[in-house]
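Novice: Here it is, the structure in full.
The values are calculated or read from the model by the stated rules, or taken from the named source; none is laboratory data. On a predicted model such as this, the values are computed, not experimentally measured, just so you know. All Cβ positions, glycine included, derive from the backbone under ideal geometry; neighbour counts span all protein chains shown. Calculation scope for accessible area: heavy atoms of the full protein, side chains included, ligands and nucleic acids excluded. Shrake-Rupley method; radii C 1.70, N 1.55, O 1.52, S 1.80 Å.
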Amino acid sequence: PSIFDSYVNGLKTEKPFIDVSKVDIYSLPIYEAKANGETWYYHDVNSEAYIAESTNNFSSANIIVPLSIDNYSVVGIAPFAFSDNRKKVNTVILQNSIKTIEKASFTYNTNLLSVAIPNSVTNIGPNIFSGSMNLQYLYIEEGCRFTDEWFYDVYHGGGCLTPNCKIIRTK
């Protein structure tokens, strides 16, 4: 619900609006659901889903993040959601429902070879690829407000790409 749906005539409803920028996402409950042939774990943030941190154990090496889970639009990737080599994920495709990629979402995953980011993304946290040394391709949809330089700018909170990674603009 929107901030207006959370308050009706000055009365707070059962499910208050959560300002995700001011809450520790780790403190939110984690839910499980099936989508795109995988089991996904997610946080419910204002009736929208954020893929949860370090809980997903994917059966496929090529992952397409679903548009929705349990009838919630998937709008965000929580910190560390695709981190760690245990996942054996080579490719992650984010769909155009994603608005936010939180800090360190893809860190320390040396299996990761490519990630596709849609232009719907308006917020990217720092160090999202730090330690993912084998990342070869970052596909960024035209119109994405983040420049190629942002992803390489380690010293100013960028994505921490290695010089070997190629950034490819897509339509």
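Novice: Tell me the per residue accessible area of region 26-108 using a 1.4 Å probe; a whole number in Å² is fine.
Specialist: Value for region 26-108: 43 Å² per residue.
Novice: If you take the Cα Rg of region 22-85 and divide it by 2.2 N^0.38 Å, with N the number of residues, what do you get?
Specialist: Working it through for region 22-85, the quotient is 1.03.
Novice: Ignoring ligands, DNA and RNA, what percent of the accessible area of region 21-81 is carbon or sulfur (1.4 Å)?
Specialist: Looking at region 21-81 in its full context, I get 47 percent from C and S.
Novice: What does the highest-first list of 131-137, 28-34, 73-79 look like by mean Cβ count within 10 Å?
Specialist: Highest-to-lowest ranking by the protection proxy: 73-79, 131-137, 28-34.
Novice: Using a 1.4 Å probe on the protein chains only, how many percent of the accessible area of region 88-160 belongs to carbon and sulfur?
Specialist: The value for region 88-160 is 50 percent carbon and sulfur by accessible area.
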